[in-house]
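Following: one structure in structure tokens, then a few remarks.
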Amino acid sequence: MARSNTSVDVAVIGAGPYGLSLAAHLRARDVEHRIFGDPMGSWKRNMPPGMLLKSYPWASSLSDPRSEFALKTFCAERALAYHDELLPLSLSRFIEYGEAFQRRYVPVVERKTLVALEPSAGCFHATFDDGEIVHARRVVVAVGLHPFKRLPHQAAHLPADLCSHSGEYGSLQPLDGKEIIVVGSGSSASDLAALLYERGVSVSLVVRRPQLDFAGYPRPRTRFERITAPMNGIGHGWTLATCAKFPQLIRLLSKDLRVRLANIRALGPLGGAFMKDRVIGRVPVWLGRTLESIQTREGKVLLALMDASGAGHSMRADHVIFATGYKIDVGRLAFLNPTLLRQIRLVEGAPQLSAHYETSVPGLHFIGPAAANSFGPVCRFVYGTYHPAHHLARHLSAVLARFQPAPRMPSLDLEALP
Ligand SMILES: Cc1cc2nc3c(=O)[nH]c(=O)nc-3n(C[C@H](O)[C@H](O)[C@H](O)COP(=O)(O)OP(=O)(O)OC[C@H]3O[C@@H](n4cnc5c(N)ncnc54)[C@H](O)[C@@H]3O)c2cc1C
């Protein structure tokens, strides 16, 4: 039976790396909170088994309050193979690590979905899919990328059996025996193409760009390289190093610069280093092909494509997967009440955030990829969990303590008075 009308100081919506890290810090500071969502849910349900992480293992740790449970420690405790850079990190190992982190630091996660969030006097009413209504003084939204899948407008009319987004595959089994076209040039596209090919599925990759780029294989770097282009949690070079280390400084830049940095070209689209040899020379790749239109005929999908010379081409398949990324647009968060939505000041669809990750609606915070237009590209990576977990937990602990209602004096028991 669902409880109703309960109240809490902080409701954390989402139990991925960002929500779990924040909850671990809130717990350590004794801040009253509840966390909702499926622990590591996006990694279990929206990424294909066999995928390798693109981030270095040393930069793929969640943030715990004492910085004592990095991925490296998890692997050492279990005698699992680990290298900071030279060994790829598999999706399954990362999920195991995230779940171990959750059991250790966030033992209670409520596996339910927020369906409506409404402002109310001094708090928020959060309604969940089991009917519970929680009154929360602060709400932190950490729902990741999944609600923001981007599909080309030409695909809007296609039925789900002919077309999907790369973020819909926690298993590739439904694609067995089909003829598949993957559209895209980033790591999701090359990962899916390689993994499907290796399952024996007939797959082609269609790429708009003139070439398919992959990250370089990790290798020991010279002293000169380390000085001129230092490695950091999200890439190489001084710009990315500054973004990774000081996300709080990004907020002070102009809006245009912040948005440019959030989408910085150095971060892709780029295939993962360890996938290159599993794609090139194996999967048929059609480069420089722009999607013109899509039609369906006799249960198949027909793509009309144009190459760089302007010549038209058509391709036919049972199903097309668009690995065309994500675009943050809080208007697509169905749980946001329209009044609330209107009050959230936006930067290109993402919330404009204060130094405390707070939107223009007091008490409503966003962390994770939705914070990238304010705090820079590190928010798009697990490496970025450190700053919001430390900073926001400290901030919430301070403001909630300051505004605790004064303790009520026990009423005088007149009968007991002499
Ligand atoms: C294919 C792919 C590969 C990636 N590879 C890497 C990589 O190698 N390294 C890296 O650093 N980053 C990678 N990323 C980026 C990665 O998604 C983010 O770094 C990270 O997952 C963001 O964490 P998060 O906690 O914000 O969101 P997520 O991990 O997406 O978690 C979202 C959480 O929100 C919950 N949720 C959603 N809606 C609701 C709701 N209405 N009510 C309650 N709960 C809800 C979900 O159940 C889940 O628990 C990759 C992304 C993709 C798509």
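Bear in mind that the values in this text are calculations on the coordinates, not laboratory data. The shown structure was predicted, so the numbers you read here are calculated from the model rather than taken from an experiment. Counting neighbours? That spans all protein chains shown, and the Cβs are built from the backbone with ideal geometry, glycine included.
On full extension of the chain, what length is gained from residue 222 through residue 399, given 0.36 nm per residue of separation minus the C-alpha to C-alpha distance? Write out the running numbers ahead of the final one.
Details: separation 177, 0.36 × 177 = 63.72 nm, distance 4.70 nm.
The span from residue 222 to residue 399 would gain 59.0 nm if fully extended.
FRET efficiency for residue 343 and residue 280, Cβ-Cβ distance as r, R0 = 45 Å, nearest 0.05?
Efficiency, from the Cβ-Cβ distance: 0.35.
What's the extension gain from residue 360 to residue 120 if we count 0.36 nm per residue and subtract their Cα-Cα distance?
Stretched fully, the residue 360-residue 120 segment lengthens by 84.9 nm.
Kindly put 115, 10 in sequence by how many other C-beta atoms sit within 10 Å of each C-beta, fewest to most. Present the calculation step by step, with values, prior to reporting the outcome.
Numbers: 115 13, 10 24.
Lowest to highest Cβ neighbour count: 115, 10.
For the chain, rounded, prolate or oblate, judged on the Cα gyration tensor with a ≥ b ≥ c (square roots of eigenvalues), a/c < 1.5 rounded, else prolate if a/b > b/c?
prolate
When a footprinting reagent is the concern and you count Cβ atoms within 10 Å, what order do 191, 9 take, fewest first?
With the sparsest Cβ surroundings first, the list reads 9, 191.
With each label point set 7 Å from Cα along the Cα-Cβ vector, what nm distance links residue 295 and residue 113?
Here the modelled spin labels are 3.6 nm apart.
In nm, to one decimal, how far is the modelled label at residue 255 from the one at residue 92, with both set 7 Å along Cα→Cβ?
Computed distance between label sites residue 255 and residue 92 equals 4.8 nm.
Could you tell me which residue out of 238, 22, 171 lies farthest along the dipole of the chain toward its positive end? Charges go on the beta carbon: Lys and Arg +1, Asp and Glu -1, centred on the Cα centre.
Selected residue: 238.
Could you give the distance between the Cα centres of region 125-202 and region 221-263, to the whole Å?
That distance is 29 Å.
With helices defined as uninterrupted DSSP H runs, which ones in the chain have an alpha carbon span along their own long axis of at least 18 Å and mean Kyte-Doolittle hydropathy of at least -1.0?
For the chain, where a helix must reach 18 Å along its axis and average at least -1.0, the hits are 91-105, 386-402.
Using the number of other C-beta atoms within 10 angstrom as an exposure proxy, rank 149, 54 with the fewest first.
149, 54
Rounded to the nearest 500, what is the chain's calculated 222 nm mean residue ellipticity when only DSSP H runs of at least 4 contribute -39500 (n - 2.57) each, over all residues?
That calculation yields -7000 deg cm²/dmol at 222 nm.
Using R₀ = 22 Å, calculate the FRET efficiency as 1/(1 + (r/R₀)^6) where r is the Cβ-Cβ separation of residue 162 and residue 313; round to 0.05. Don't jump to the answer; show the numbers that get you there.
On the way: r = 19 Å, r/R0 = 0.87.
According to the calculation, E is roughly 0.70.
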